[in-house]
Amino acid sequence: MRAVRSNGTGVDVVDLPAPEGDGVRVRTRAAGICGSDLHMLGWALPQTIGHELSGHLDDGTPVAIWPLAACGVCDRCLAGEVTQCREAVSRSLGVGLDGGMADELRVSEACLVPLPNGLDVADAALVEPVSCSEHALRRAGVAGSDRVAVVGAGAIGLSAVAAARWRSCTVDVDARHPAQRDAVTRMGGGLEPTGEYDVVVEAAGTAGAIERAVELVRPGGTIALVASYWEPVTFPQFFTMKEPRIVTATMHGHDATGRDVDAAAQLLADMPEVAAAMITHRFPLDEAPRAFAVAADRASGAIKVVLEP
């Protein structure tokens, strides 16, 4: 089968044996390129890339994939906090385990996400990034009466817009690029946040974005940090004077109401405008090097670039 792997500077499409062993076979329909995939290109990992995935089971059932095969036995898993699994890195698809930028992969049955009516399997690679922001807003306790601001309008920032709008919140966004600004508008968000907000989602991952989040949050409000921080960052001087509640979030998990990935799938079914706005480019798997180049170039208008085996 074909698979995408890093060569230390970019990606190659290589020939590999089809995966065997335990788990359920999924024939990949769509695999999104995440910002973390771009960051990890220099690592030359020996695993196949890809954790934003959708595909079909052997019987034709369409599914998305929860890309964390949590150990289930560590103290954090037993506490119900699977995103904090002690072995999360080594048990994540596309990082410690072979991912899904390939013709097929095998996953634990627990990683399968059934698709609700109204969600096309070709768009369901968005379940994973949307579930990251769904997880962050759930942890932040966002309710429909909240005024929400989002700093950063990449895929995770736009996913936060979708999760806020799904809760009937008003949401305004700091978005830099024309394609991002257009996507915000198409999803029902506003631009140029002004005033104070009950919840501010920081989705850019820079010290400047954190400073902006502190500026926008009301006294006693909540700042949700959902970005990945690839470099050290600082908080602005005297930010504690507002006594903001700081909530961090990584990946996706579940609570008494269910899994974040299932909520994200339902969101995408309920709001078809989200996939239409976020997926800007689709490439066949053989054109993975070109797809990664487009995904890395914001001037290209790329938001979410998807590979389709």
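The values are calculated or read from the model by the stated rules, or taken from the named source; none is laboratory data. Worth saying up front: this structure is predicted, and the values here are computed from it rather than measured. Cβ placement follows ideal geometry from the backbone for every residue including glycine, while neighbour counts extend to all protein chains displayed.
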Inset, instruction - Please find, within segment 227-257, the residue that is surrounded by the fewest Cβ atoms within 10 Å (Cβ to Cβ) out of those that are within 18 Å of the chain's Cα centre (by Cα) and farther than 19 Å from CYS34 by Cα. - result: THR248
Legend entry - Selection within segment 212-251 - in contact with a helix residue (DSSP H, G or I) (Cβ under 9 Å, 6 or more places away or on another chain) and assigned to a strand (DSSP E or B): VAL217, ARG218, PRO219, GLY220, GLY221, THR222, ILE223, ALA224, LEU225, ARG245, VAL247, THR248
Legend entry - Candidate set from segment 76-97 (those that are small (Gly, Ala, Ser) and within 18 Å of the chain's Cα centre (by Cα)); member that is surrounded by the fewest Cβ atoms within 10 Å (Cβ to Cβ): GLY96
Inset, instruction - Name the residue, out of GLY154, GLY94, that is in the same structural domain as HIS56 (by TED's automatic domain parsing) and either of a type outside the set (Lys, Arg) or over 26 Å from GLY60 (Cα atoms) (or both). - result: GLY94
Inset, instruction - Look through segment 37-64, keep the residues that are of a type in the set (Ser, Thr, Tyr) and crowded, with 16+ Cβ neighbours inside 10 Å, and return whichever of them is farthest from HIS252 (Cα to Cα). - result: THR48
Legend entry - Residue in segment 129-137 that is in contact with a Ser or Thr (Cβ under 9 Å, 6 or more places away or on another chain), under 17 Å from LEU267 (Cβ atoms) and of a type in the set (Asp, Glu) present: yes
Inset, instruction - For residues that are touching a Ser or Thr at 6+ places or on another chain (Cβ under 7 Å), hydrophobic (A, V, I, L, M, F, W, C) and assigned to a loop (DSSP other than H, G, I, E, B), tally how many sit in segment 59-105. - result: 2
Inset, instruction - Select, from ALA209, ALA162, ALA204, the only residue that is assigned to a helix (DSSP H, G or I) and either closer than 19 Å to LEU267 by Cβ or touching a helix residue (DSSP H, G or I) at 6+ places or on another chain (Cβ under 9 Å) (or both). - result: ALA162
Inset, instruction - Would you tally the residues in segment 98-111 being surrounded by fewer than 19 Cβ atoms within 10 Å (Cβ to Cβ) and not acidic (Asp, Glu)? - result: 3
Legend entry - Where ASP59 falls short, out of the listed (1) more than 27 Å from SER159 (Cβ to Cβ); (2) in contact with a helix residue (DSSP H, G or I) (Cβ under 8 Å, 6 or more places away or on another chain): (2)
Legend entry - One residue from VAL161, VAL151, VAL127 being within 29 Å of ALA299 (Cβ to Cβ) and free of Cβ contacts under 8 Å to residues at least 60 places away in the same chain: VAL161
Legend entry - Filtered residues of segment 106-137 (kept if over 20 Å from ILE49 (Cβ atoms) and part of a strand (DSSP E or B)): LEU112, PRO114
Inset, instruction - Taking ARG27 as the residue in question, decide whether it is in contact (Cβ under 8 Å) with a residue 60 or more places away in the chain, surrounded by fewer than 22 Cβ atoms within 10 Å (Cβ to Cβ) and in contact with a helix residue (DSSP H, G or I) (Cβ under 6 Å, 6 or more places away or on another chain). - result: no
Legend entry - Test: residue in segment 41-49 that is on the phi < 0 side of the Ramachandran plot, over 17 Å from the mean Cα position of the chain (by Cα), part of a helix (DSSP H, G or I) and in contact (Cβ under 8 Å) with a residue 60 or more places away in the chain: yes
Inset, instruction - Mind telling me which of the residues ASP262, ASP172 ends up being under 28 Å from ILE279 (Cβ atoms), of a type outside the set (A, V, I, L, M, F, W, C) and touching a Pro at 6+ places or on another chain (Cβ under 7 Å)? - result: ASP172
